[in-house]
1. Using the charge dipole of region 37-264 (Lys, Arg: +1 at Cβ; Asp, Glu: -1 at Cβ; taken about the Cα centre), state which of TRP116, GLN214, TYR55 has its Cα farthest towards the positive end.
2. Where Lys and Arg each count +1 and Asp and Glu each count -1, what net charge lies around VAL216 among other residues with Cβ under 12 Å from its Cβ?
3. Using Cα atoms only, what is the angle between the long axis of helix 215-229 and the major principal axis of the chain, expressed in degrees (0 to 90) to the nearest 10?
4. Please arrange HIS85, HIS132 by how many other C-beta atoms lie within 10 Å of their C-beta, fewest to most.
5. Are any of the pairs LYS126/LYS162; LYS34/LYS99; LYS135/LYS246; LYS118/LYS225; LYS34/LYS147 more than 23 Å apart by Cα-Cα distance, and if so, which?
6. Normalising by the residue count of the chain, find the relative contact order in percent from Cα pairs under 8 Å and 6+ residues apart.
7. Mind listing which trypsin sites (Lys or Arg not before Pro) in region 192-267 are in a DSSP loop and have 14 or fewer other Cβ atoms within 10 Å?
8. Please go through region 69-120 and write out the trypsin sites (Lys or Arg not before Pro) that DSSP classes as loop and that have at most 12 other C-beta atoms within 10 Å.
Amino acid sequence: MTRLAPALRTLAAAVALLAVTAAPSTARAEPEPKAPGEFVSLRSVDPTIIQEMRYTTAHNFMGVPVDGYRQPVCILTRPAAKALHEAQTELLGRGYSLKVYDCYRPQRAVDHFVRWAKDLEDETMKGEFYPHVDKSRLFADGYIAEKSGHSRGSTVDLTIVKLPAEATRPYVPGEELVPCYAPKNERFPDNSVDMGTGFDCFDTLSHTEDPRIQGVQRANRQLLKGLLGELGFVNLTEEWWHFTYKPEPFPDTYFDFPVTRRSVAGH
């Protein structure tokens, strides 16, 4: 027994050392990035603008909520938000309201778009959002890119709604899809005025000046473009809903803080 004691002590020390080295290390969690002070919640500048933040839901071209969109809140740089307030004041006097679909977009959301676009097997929402576009062409045709102006904070996707605004029913995953360019009374219901296509419609009919869009639809697009243009917003010609406020406070910076109220708390 006496001879075994040193060996037992050595074995016990080895077991203790192994337990210490095997114990998981408590890594310090990295704090979430927050927005610079120049960013604000749109609701804090104008609470009357309708918000239907599509990427927090499954009703988008991917069919799932998008990475980084944790709460349905529109975040923009302060100059862009103030310019939208001016536009809203004008529209309210005419019996209309703005409605935003997307505002600031974190880089992690753009990365999610890119991963989805590379997965050619996933065509869950093709029937509504890109019926005529082969998914393998999304990068070449410019529908998906690795960087987005939305991540700089001064770009917004929006439309016009006639007041009083009707409620828009929620999308039910798996429901029958209707092409985004179908007549307004056939495609997914949206309380927007008729713009000729739905939001995020991957089709040349979404080009703001497409000559096939005439009558009331064209007038509605021109109303939105003209009003926002007077206030410093520049339209992306391929998307009637897409506008960027100029000059941008952050023309070369792509942010990645999450879309939450906390990101702009106290601004």
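Every number here is computed from the coordinates shown, using simple stated rules; none is lab data. Model, not experiment: these values are computed from the prediction. As a convention, Cβ positions derive from the backbone with ideal geometry for all residues, glycine included, and neighbour counts pool all protein chains shown.
1. The one lying farthest along the dipole's positive direction is TYR55.
2. Numbers: positive: LYS162, LYS184, ARG218, ARG221; negative: ASP194.
Surrounding charge for VAL216 is +3.
3. For 215-229 against the chain, the angle is about 60 degrees.
4. HIS132, HIS85
5. Among LYS126/LYS162; LYS34/LYS99; LYS135/LYS246; LYS118/LYS225; LYS34/LYS147, the Cα-Cα distance tops 23 Å for LYS126/LYS162; LYS34/LYS99; LYS135/LYS246; LYS118/LYS225.
6. Reported as a whole number, the value is 25 percent.
7. Working: sites: ARG212, ARG218, ARG221, LYS225, ARG261, ARG262; in loops: ARG212.
Passing sites in region 192-267 are ARG212.
8. Values: sites: ARG70, LYS82, ARG94, LYS99, ARG108, ARG115, LYS118; in loops: ARG70, ARG94.
Filter output for region 69-120: ARG94.
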